[in-house]
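Bear in mind that the values in this text are calculations on the coordinates, not laboratory data. Everything quoted here is computed from the prediction, not taken from an experiment. Glycine gets a Cβ as well: all are built from the backbone with ideal geometry, and neighbour counts include every protein chain shown.
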Amino acid sequence: MDWNNIIQTIIFLFLTGPGISGNILMFVRHVYTSALGTEKKTVDIILIHLAFSNMVIICSTGIRDIATVFYFRNFLGDIGCKAVVFLARMARGLSICTTSLLSMVQVLTISLRTTIWSKLRPQTARQVVIYIFLFWIFNVLTASNLLYYITAGSGMNRSVIAEYIGYCYMLPSRSIVKWLFISLMTVRDLIFQSLMGWSSGYISFHLYKHHKRVFYLHSCKHVNSSSPEIRASQSVLVLMTFFLFFYWADFIFSFYIGSMVTHESFILNIKTCLVLGYAVLSPFVLLSRDVPAAKSFSSHR
């Protein structure tokens, strides 16, 4: 391997190792919490699904990068290429939808004093599972074109290849098909990122009001400035900030790569970091800021 491959391997191992470990820890922790039947059951289902989506993103992207870095020809084949690229896009869509659902549930949780908001909040795990099931259907349909147009490219004329995706290639498609799926992804991203943006503003306003209240009552010994509700709101706000940063940074780099038709290793390494960044960091954000909530629930048992 040359130095570029060595650097890419180090980046890959540095990201995927902690990323897989953190998501497994979050997955197991919330499966255990959900099994105990605590009050956080609806949120636990969302976080379990988010951890699962993150692991699919990391594993599918990692398999493709391994094949690229180590030149494993015929390692994936057509079926393998279709599977890993399809799973990567589908899991990315699930991550967008799940993060948005988490942010909306948090907004509804801190707005329970309003009757209208309280009726919209999912009350049972079954309602959350229905939302997640609809997310799966929509994102499977959104990524379904990849099952036809992705190929390993072995023995094919490279002049007919439209796009290079790691070890795999994407065949050109008809304009109507191309723009149909681009439109579906655009509508999905626009809707769910708008919800995240609105909920971020609402949570920020709520935290600001809480800060002013605590500042006004700072002389009171019974004021708790780090209640589970506030810590959860802060965690979701940090999580959405990370997501929006990595999403738009990846979008900018993808646009640059597509418009410049460049395969420079430095640019591709940055894009790999951006693709994996949210999936790797999100479990640590949630786990590191969930301690007060865990203590609070355990103290009432």
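The residues LYS178, LYS82, when put in order of fewest to most other Cβ atoms within 10 Å, stand as LYS178, LYS82. Here are some pairs, LYS209/LYS271; LYS82/LYS271; LYS41/LYS82; which of them have Cα atoms lying more than 27 Å apart in this structure? The pairs that break the limit, which is 27 Å between Cα atoms, are LYS209/LYS271; LYS41/LYS82.
Could you put THR16, THR99, THR124, THR272 in order, starting from the residue whose Cβ has the fewest other Cβ atoms within 10 Å? Please report the intermediate quantities before stating the final value.
Working: THR16 19, THR99 26, THR124 11, THR272 22.
By the 10 Å Cβ count, ascending: THR124, THR16, THR272, THR99.
Legend: ranking of residues ARG174, ARG188 from fewest to most surrounding C-beta atoms inside 10 Å; resulting order ARG174, ARG188.
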